[in-house]
Amino acid sequence: MTTTTTRPSATEPTTPIGRSSDYLDNRTGIGHAVKEFARKVFPDHWSFLLGEIALYSFVVLLITGTFLTMFFVPSMSLSTYHGAPKTMDGLLMSDAFASTLRMSFEVRGGLLMRQIHHWAALVFMASIVTHMMRVFFTGAFRRPREFNWLIGFTLLLTGLLAGFTGYSLPDDVLSGNGLAIANGVVKSIPVIGSYMSYFIFGGDFPGEQIIPRLFTLHILLIPAIILALVALHLMFVVVHKHTQYPGGGRKDGNVVGFPLFPVYTAKAGGFFFVVFAVLSLMGATMAINTVWNYGPYDPSPISAGAQPDWYMLFLEGSLRLMPGQAEFVSWGDFTWSLNVLVPAVLPVLLLIGFALYPFIEAKVTHDDREHHVLDRPRNRPTRTGIGMAFLAFFVILAFAGSNDLIAIHFHLSINEITWFFRVFVFVGPWFAFWITKRICLGLQRKDRELVLHGHETGRIVRFASGEYIEVHRPLDEQERWVRVNYTAHQPLELPAPNGPKGTKDKAYKSAKRWAKLSRFFYEDRIEPVTPAELAASHSHGEHDALPGGEDHALVAPDHSVDATEQSH
Amino acid sequence: MSKTTDVTVPHPEGDLEHFQDPGIPEHRHRMADTDPKADKRAERQVVVLFTISVIGTIVALWAYFAIRPDGTTAGVRTSTMVLGLAIFFALAGIGVGAIHWAKTLMSDHEVVEDRHATRSPDDVREIAVQKLADGIKDSGIGRRGVLKGVVVSALALFPLTIAVPLISSVGGDWNVGTFRTTLWKKGTRLTYDPTGRPIKASDVTIGSAVHVIPEVTDEYRQSGEWISEKAKALVLMVRLDPRDFKPFAKGKENWTYDGIIAFSKICTHVGCPVALYEQQTHHLLCPCHQSTFDVADGAKVVFGPAKRPLPQLPITVDSEGYLVAQDGFDEPIGPSYWERLR
């Protein structure tokens with residue numbers, strides 16, 4: 001089969017671009033892809049940029065990381081260093097540390113690349129976390145995107161690993177102590193802990209193998225996994241098409257936005273350069289991980305106020321909070337280091353539980369349809385509350401991981417701060433849940449109020465009768481639609497038990513538990529305003545501005561504003 | 001939209017219960033859409049932004065060649081700053097320029113595209129299932145039970161050929177018994193960390209804290225092995241007024257020398273060096289997780305996440321007045337592990 005027989009003469013290319021496109025398409029069939037994707041529509045919102053920041057900072061990590069590998073020597077062989085800076089001259093250090101100094105002080109632009117790389121890693125994790133928050137609070141994880149939520153969650157964990165393995169490479173005092181802590185945590189694992197420690201370090205800590213091993217993980221295995229997951233993540237974004245915020249004309253059956261080419265090519269492509277530019281600015285102006293101030297790894301020295309990178313702070317915090325009494329020796333003289341194991345494992349287990357949230361919510365909502373229009377967080381008070389509770393838990397742990405800095409800066413007793421956090425880590429999330437849910441319900445009521453009575457204009461009018469009222473301007477239909485277009489889910493109905501009371505019925509018991517959980521989710525709810533309610537409210541004209549309960553009763557006898565929150 | 005049974009369009013019509021979707025908001029014209037001057041101005045701005053990028057690149061190249069490292073921290077900082085700022089302008093010019101172009105000059109009319117349900121349509125599913133069934137039939141896998149079993153076993157077992165050698169090699173000699181041993185033994189001199197100079201008991205003043213390593217040869221202190229041994233053998237030694245000590249534990253009455261007492265410096269929590277000594281309270285504080293140990297009371301834990309006291313090194317002086325170990329540690333140092341007491 002030759003091209004001349006398959007090519008219709010009508011599209012015979014004449015221009016240079018046409019000829020090269022023809023050449024390319026004959027060999028790749030790229031025309032299909034261009035037809036499919038060139039004008040693909042993406043919705044617009046600032047919060048959709050968070051995931052983009054994560055993607056772009058990952059690209060920056062790959063670019064700067066490649067630069068760094070050219071000069072880094074992943075070896076723990078010791079030699080005496082001669083070179084800049086003066087404070088390090090003549091010290092015995094590993095090749096890893098020496099090459100980190102050389103790439104900082106002798107390779108022009110080397111320090112800049114190191115600093116951009118480190119900042120990009122911090123921003124990468126921060127944008128993943130905020131992107132996850134956006135996805136969670138807007139319910140973007142609902143069908144059909146549950147798998148993509150899990151892929152994103154796995155990316156968060158691999159990002160943590162990438163950060164930890166990279167941070168440890170320079171073989172300086174700080175990162176060495178970080179590895180010492182990791183070793184202590186690994187040793188606390190029952191039965192196999194000691195062997196896991198040997199597995200990781202190839203012998204007694206720190207040994208002479210850990211840096212080359214971390215290097216291979218950091219520059220090959222983990223980036224490859226991240227890259228594969230990112231590809232899968234983006235593929236699903238294309239398959240599902242992007243979610244959109246509620247608004248006029250936005251339905252689960254359509255996507256409203258701008259075409260990929262040229263608008264998003266310019267905007268998203270431009271945004272990559274903006275992210276790279278900001279990271280360069282940070283790398284240029286803000287010193288980070290100045291390893292020559294810490295010195296080469298030596299098990300002896302340590303400084304107070306040493307924190308890990310921010311995304312590891314929650315683990316540091318939980319290690320600090322756990323009281324030592326949890327360690328015990330069991331029958332058979334086996335040591336259970338629960339004072340280390342519990343704080344290291346519990347937050348990770350909680351994170352994994354969090355990853356399963358979409359499935360739990362679908363079950364208690366009895367919701368199995370596709371969603372492409374996002375929720376406004378206020379319209380899902382319990383979900384928003386749960387999200388804030390999780391966030392509070394990890395933020396409190398992160399602060400607990402900085403308890404020594406808090407003590408120094410605010411002249412407080414470290415013991416009292418630690419005790420405060422030991423209590424607050426349990427009370428805080430509960431409080432965050434409660435107050436967030438209340439705020440959401442309040443905002444929903446405010447929405448109802450606005451829809452029913454319109455905006456306050458500040459114009460006071462006096463009637464001939466002497467009565468004063470404030471004129472309210474009704475919402476336009478776009479404003480109103482945003483506030484009424486949602487579903488206030490109801491708790492699941494409890495099915496009737498099979499058989500008489502007292503008989504064992506596992507299915508019924510399980511259904512009962514789910515119904516109970518469902519009640520926790522949806523017993524407090526605010527229904528959206530219906531046209532009937534709005535009409536009833538309007539028929540009473542300007543009376544809406546008058547205070548007094550009797551008026552409300554007149555406005556909407558069945559669904560008065562105060563009565564719509566139905567509680568059990 | 002077709003065959004999208006799962007994507008329900010809520011409230012297609014307004015009724016008493018549901019409001020009607022008002023549709024896509026009316027398009028608002030931008031200045032550049034209606035005013036040719038604004039259009040020209042926006043174009044000029046984009047041109048300026050991309051020009052800034054070109055200048056940034058030129059400055060970055062100039063900075064690379066012109067600013068040479070002079071080996072000082074300040075010199076490296078200057079080079080980093082100039083090069084980084086130039087790169088910032090080179091990148092930001094492109095980024096901001098492209099976004100400004102898109103926002104002011106490209107079409108901002110919203111486009112609507114239909115979505116289709118993610119699930120494949122029923123006919124596609126039917127064909128897919130049929131194809132799989134055909135394949136299964138072709139392979140005859142359903143009838144050949146033994147074959148199936150062997151294939152599954154072979155595939156499940158072969159990764160062991162890689163995994164077993166890998167796992168069994170990465171752990172070195174797997175002799176986790178080394179956790180118990182340190183360089184300290186009967187008669188080992190206590191020396192200053194990091195110089196390795198022996199310590200005379202008379203040189204240690206009351207209230208001072210000394211970081212101690214066991215005496216080894218200078219060559220050994222240049223080896224990688226030393227770092228791992230040092231990580232276990234570190235000792236922190238303090239001298240108290242002997243009257244400040246709480247009664248010693250049974251069997252440890254003679255482990256100190258004239259108020260000088262020595263403990264392992266490796267925290268019993270997760271193994272950080274317990275390096276901060278508070279003279280007034282006789283407390284040792286681990287800067288990592290704030291475990292606090294009372295030196296006057298056998299290094300018992302008074303606060304924090306550690307459970308056990310720091311192991312004590314029994315010490316005395318030799319004939320020349322230098323401090324020496326009476327013996328090694330009588331328990332494994334550092335963080336707890338499963339078979340610690342076995």
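We did not get these values from a lab; they are worked out from the coordinates using the rules stated. All values reported here derive from a predicted model rather than from experimental measurement. Quick reminder, even Gly has a Cβ in these numbers, built from the backbone with ideal geometry, and neighbours come from all protein chains shown.
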If we sort B:149-156, A:257-264, B:234-241, B:190-197 on the protection proxy, mean other Cβ atoms within 10 Å, highest first, what's the order? B:234-241, A:257-264, B:190-197, B:149-156
Cα lying deepest toward the dipole's positive end in the protein assembly as shown, options B:Ala60, A:Pro491, B:Gly321, charges on Cβ: B:Gly321
Against the longest alpha carbon principal axis of chain A, how many degrees, from 0 to 90 and to the nearest 10, is the axis of helix A:110-137 turned? 30
Arrange the peptides A:51-62, A:415-426, A:296-307 so that the one whose residues have, on average, the most other Cβ atoms within 10 Å appears first. A:51-62, A:296-307, A:415-426
Which lysines does A:Lys437 reach when only Cα atoms under 21 Å apart count, and residues fewer than 8 places away in its own chain are ignored? A:Lys363, A:Lys446, A:Lys516
For chain B, what does the convex hull of the Cα positions come to per residue, in cubic angstrom? 429
Under a point-charge model restricted to the Cβ atoms of Lys and Arg (+1) and Asp and Glu (-1), what is the dipole moment magnitude of the protein assembly as shown relative to its Cα centre, in debye to the nearest 20? 1400
On Cα atoms only, tilt of B:36-66 relative to the major axis of chain B in degrees: 30
Residues with amide H under 5 Å of B:Glu215's amide H, sequence separation 5 or more or different chain, H placed in the peptide plane at 1.01 Å from N; which? B:Arg189, B:Thr191
Reciprocal of mean inverse Cα separation for the stretch B:31-104 (Kirkwood radius, Å): 13.7
Based on the alpha-carbon gyration tensor of the stretch A:411-489 and its eigenvalue square roots a ≥ b ≥ c, which shape applies: rounded if a/c is under 1.5, prolate if not and a/b is larger than b/c, or oblate? prolate
Dipole axis of the stretch B:31-104 (+1 Lys, Arg; -1 Asp, Glu on Cβ), positive-most option in B:Phe88, B:Val76, B:Ala102: B:Val76
Distance in nm between B:Glu278 and B:Ser208 label points, each 7 Å along Cα→Cβ, equals 2.3
Using alpha carbons only, what's the Rg to Rh ratio of the protein assembly as shown with Rh from Kirkwood? 1.03
Find the percent of Cα-Cα distances in the stretch A:1-129 that exceed 23 Å, and round it to a whole number. 62
Ignore the peptide's own chain and count Cβ atoms of other chains within 10 Å of each Cβ in B:272-282; give me the average, rounded. 2
Subtracting the Cα-Cα distance of A:Ile435 and A:Val59 from 0.36 nm times their residue separation yields 131.5 nm
HN-Hα couplings for the stretch A:399-411 via Karplus (6.51, -1.76, 1.60; θ = phi - 60°), in whole Hz with x for Gly/Pro, come out as 5, 4, x, 10, 4, 5, 5, 4, 4, 5, 5, 10, 6
Step through the table entries A:Lys40/A:Lys251; A:Lys86/B:Lys265; A:Lys241/B:Lys103; B:Lys200/B:Lys246; A:Lys241/A:Lys509, compare each Cα-Cα distance with 28 Å, and write down the pairs that go over it. A:Lys86/B:Lys265; A:Lys241/A:Lys509
Which FRET efficiency value, to the nearest 0.05, is calculated for B:Leu166 and B:Ala38 with the Förster distance at 56 angstrom and r the Cβ-Cβ distance? 0.30
Could you tell me how many cubic angstrom of Cα convex hull volume the stretch B:32-172 has per residue? 296
Enter the mean number of other protein chain beta carbons within 10 Å of the beta carbon of each residue in A:262-274, as an integer. 6
Principal axis dimensions, the stretch A:373-436 - Cα atoms, whole angstrom, descending: 48, 19, 14
Once you have the Cα-Cα distance between A:Phe420 and A:Ala231, take 0.36 nm times their residue separation minus that, and quote the gain in nm to one decimal. 63.7 nm
Leaving out same-chain residues fewer than 8 places away, which aspartates and glutamates sit with a Cα under 19 Å from that of B:Lys37? B:Asp108
Phi to ³J(HN,Hα) by Karplus 6.51 cos²θ - 1.76 cosθ + 1.60 over the stretch A:263-273, Hz, x for Gly, Pro: 5, 7, 4, 6, 5, 6, x, x, 5, 4, 5
Compactness summary of the stretch A:155-282: radius of gyration and Dmax from Cα atoms, Å, are 21.8, 65
Taking a ≥ b ≥ c as the square roots of the eigenvalues of the Cα gyration tensor of the stretch A:275-426, is the shape rounded (a/c under 1.5), prolate (a/b larger than b/c) or oblate? oblate
Among the lysines, which have Cα under 16 Å from the Cα of B:Lys137 when same-chain residues fewer than 8 positions away are ignored? B:Lys148
If R0 = 35 Å, then B:Gln222 and A:Met70, at their Cβ-Cβ distance, give a FRET efficiency to the nearest 0.05 of 0.75
Partner shielding of A:302-309, taken as the mean number of other chain Cβ atoms within 10 Å, equals 3
Averaging sequence separations of C-alpha pairs under 8 Å and six or more residues apart, then dividing by the length of chain B, give the relative contact order as a whole percent. 12
Output row, site B:Phe248, 7 Å Cα→C-beta label point, backbone N cut-off 18 Å, window the stretch B:154-197, residues B:185-188, B:190
Suppose we take every Cα in the stretch B:179-325 and form the convex hull; what volume per residue is that in Å³? 113
So how strong a dipole does the stretch B:179-325 carry about its Cα centre when Lys and Arg Cβ are +1 and Asp and Glu Cβ are -1, to the nearest 20 debye? 520
By the Cα gyration tensor axes a ≥ b ≥ c (a/c under 1.5 gives rounded; else a/b larger than b/c gives prolate, otherwise oblate), the shape of the stretch A:106-227 is oblate
If packing is taken as the average number of other Cβ atoms within 10 Å across a peptide's residues, how do B:278-291, A:17-30 rank, most packed first? B:278-291, A:17-30
Report the Cα centroid-to-centroid distance between the stretch A:329-392 and the stretch A:397-438 in angstrom, as an integer. 20
